[in-house]
Amino acid sequence: MLVGRHYAFHMTTPLQVQETASACVGFLGQHVDADWARSIPDLDISVAEVVGHMAEGNLWYAIDLAAGGSNLSTVEHRVKTDRPASELLDTLQTYASVLAAVVEASPPTERGFHPMGLADASGFAAMACDEMLIHTYDAACGIAAEFNPPDRLAAATLHRLFPWIDELDGDPWTALRYANGRIALPGRPRLDGWAWHCAPLDEWDGQPARLPST
């Protein structure tokens with residue numbers, strides 16, 4: 001049960017997917033002349049590869065939501081990360097638009113496969129926003145830049161996927177990075193094995209989400 005929050009208020013929307021993509025693409029577009037082949041600290045992946053991963057995630061989420069709960073093991077999709085940075089950003093923006101359109105067209109009861117739970121349209125939208133915000137942060141670390149997205153986008157993603165984590169005195173971006181295991185906080189070690197709650201929020205049991213057992 002959702003405790004202390006109104007479910008509808010925390011549904012991530014197609015517009016937020018588009019706005020998040022625009023914020024991330026706008027930031028990264030200022031750094032297309034940086035070395036995108038550089039490895040990102042703490043990750044065994046390059047800046048170009050993490051941007052390609054963001055784009056792939058948007059398209060995968062659109063496919064998974066449209067599949068209505070089926071895990072389409074027949075599908076293989078990869079973004080060519082050896083292309084110019086500007087083309088990678090065009091791909092990211094385009095795939096975010098595809099996801100937003102699928103979310104917009106999906107009924108509220110539609111569910112799609114994800115390893116962390118059968119997500120609804122809002123859950124897929126929020127996961128895409130989280131992927132874009134956090135991996136843009138990763139890319140920024142790789143090019144020694146600082147990424148600070150709008151608080152309202154960070155807050156919307158935090159509340160939808162991590163309802164057990166507060167905004168840290170009005171700082172949702174720091175809270176979101178902590179929730180994704182990117183940073184430690186005073187008195188709180190860096191998280192390992194974090195998970196999303198991507199199923200409908202009215203199914204949340206009030207406890208932190210856990211990774212599925214393998």
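Values as computed for the structure displayed
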item	result
Under the span-like rule (Cα at least 18 Å along the axis, Kyte-Doolittle mean at least -1.0), DSSP H helices of the chain	14-29, 47-66, 85-105, 121-142
Assigned charges on the beta-carbon of Lys, Arg, Asp, Glu; the chain dipole about Cα centre (debye)	220
Candidates I134, I165, I63, ranked by Gaussian network fluctuation over the chain, Cα under 10 Å, top entry	I165
Values of log10 I(q)/I(0), in the order q = 0.10, 0.13, 0.14, 0.15 Å⁻¹, for the stretch 72-210 under a Debye, Cα-only, solvent-free model	-0.38, -0.65, -0.75, -0.86
Furthest towards positive pole of dipole, V47, P84, H31, structure part the stretch 25-94, Cβ charges	P84
Label zone at D90 (point 7 Å along Cα-to-Cβ), backbone N below 14 Å, the stretch 48-82	80
Neighbour-count ranking [beta-carbon atoms within 10 angstrom, fewest first] of M54, M127, M116	M116, M127, M54
Ascending count of other beta-carbon atoms within 10 Å, so fewest first, for M132, M11	M11, M132
Cα gyration tensor, the stretch 20-108 - rounded (a/c under 1.5), prolate or oblate	prolate
Contact order relative to length of the stretch 108-214, as percent, for alpha carbon pairs under 8 angstrom and 6 or more apart	28
Least to most buried among R152, R182 (fewest other Cβ within 10 Å first)	R152, R182
Net charge dipole size for the stretch 19-106 [Lys, Arg +1 and Asp, Glu -1 on Cβ; Debye, nearest 20]	120
Principal axis box of the stretch 92-159, alpha-carbon based, largest edge first, Å	42, 25, 24
Protection-proxy order for peptides 30-36, 84-90, each taking the mean of Cβ atoms within 10 Å per residue, highest first	84-90, 30-36
Pairwise label distance in nanometres, R190 with D151, each label 7 Å out on the Cα-Cβ vector	2.7
Label zone at E104 (point 7 Å along Cα-to-Cβ), backbone N below 19 Å, the stretch 116-151	121-129
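A short reminder: the numbers here are calculations on the coordinates, not readings from a lab. In this text the structure is predicted, and so the values were computed from the model without any measurement. Every residue, glycine as well, gets a Cβ built from its backbone with ideal geometry; the counts of neighbours run over all protein chains shown.
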